[in-house]
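Beneath this line is the structure, given in structure tokens, with notes to follow.
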């Protein structure tokens, strides 16, 4: 029997994203979902999934929407209009402009909001779409403070340690001519590796005006919904005796 971990990021990003993730959970194979707690559609996303048996992680955000803290308290990561700086601001910066103390305050607020909304601690704790050493440090500090398992960024085909398990990330949705079926099959091919667990990171969703205006990732999201719900993929999982792993099951 092989093992494969598949997760969906961005619950709460927009109404269309929420419906796509719901489809990928309710009629598909997703059993790990990352929640953005600072977005207007956060509660709607949770309501859609309230009856689903899934692991729920905190997908911590400092590049979309507004902070939970007053913008004056987190000036290094916000604009003059009080929204978070965009992901491209982080990507193109010559230095890490994120103030560690400020980002810890915002991460803590998002952690507390997650607990308030869900009534429990997250099954995993990670961040959304930003490469910043101080953001990562802040995530680690807050994760240790609350004794929740931290999952580091995993861009591209790299391995990261989660608890005592080495996870080999597969996230190819930003590549030209992305085919989620091929990425999934790479995961299946690696699923019998006893030293590493393949982890396919997905961003399933449908598209609405908000996403078209605020995210560079569009069509790949719809492709992933289709793949994750495809009966042929479900049959492949059954035929290959693949266990779809949850973060909470890892030791």
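Cα centroids of the range 63-88 and the range 189-251: 30 Å apart.
Computed packing ranks the peptides 92-103, 178-189 as 178-189, 92-103, most packed first, by mean other Cβ atoms within 10 Å. GNM remark for the chain: springs join alpha carbons under 10 Å apart, and the peak mean-square fluctuation among 207, 11, 217 falls on 217.
Comparing Cα centroids, the range 6-34 and the range 106-166 end up 19 angstrom apart. Computed over the alpha-carbon atoms, the range 1-104 gives an Rg to Rh ratio of 1.06, Rh here being the Kirkwood radius from the mean inverse distance.
Listed peptides 164-174, 53-63, 230-240, 14-24 appear in the order 14-24, 53-63, 164-174, 230-240 once ranked by packing, highest mean of other Cβ atoms within 10 Å at the front.
Maximal additional length on extending the residue 185-residue 113 stretch stands at 22.3 nm, based on 0.36 nm per residue less the C-alpha distance. Taking 0.36 nm per residue of separation and subtracting the Cα-Cα distance, full extension of the segment from residue 217 to residue 72 would add 49.2 nm.
Across every pair of non-identical alpha carbons in the chain, the mean reciprocal distance, once inverted, gives a Kirkwood radius of 18.3 Å. Starting from the 7 Å offset along Cα-to-Cβ, what nm value, one decimal, do you get for the label separation of residue 210 and residue 88? Result: 2.1 nm between the two label points. Taking Cα atoms, how many degrees apart are the long axis of helix 219-228 and the longest axis of the chain, rounded to 10 and kept between 0 and 90? It is inclined by approximately 40 degrees.
Based solely on its DSSP helices, what 222 nm [θ] is calculated for the chain when runs of n ≥ 4 H residues each add -39,500 (n - 2.57) and the sum is averaged over all residues, nearest 500 deg cm²/dmol? It would help to have the intermediate numbers written out before the result.
Numbers: 9 runs with 94 residues, N = 251.
Counting only the DSSP helices, I get -11000 deg cm²/dmol.
Evaluated at q = 0.17, 0.18, 0.21, 0.23 Å⁻¹, the base-10 log of the normalised Debye intensity for the range 124-242, with identical point scatterers placed on the Cα atoms, takes the values -1.01, -1.09, -1.25, -1.31. Computed over the Cα atoms of the range 2-47, the ratio of the radius of gyration to the Kirkwood radius (Rg/Rh) comes to 1.01.
Computed from the coordinates by the stated procedures, all read-outs in this text should not be read as laboratory data. These numbers were taken from a predicted model, which means no experiment stands behind them. FYI the Cβ positions are ideal-geometry reconstructions off the backbone, even for glycines, and counts take in every protein chain you see.
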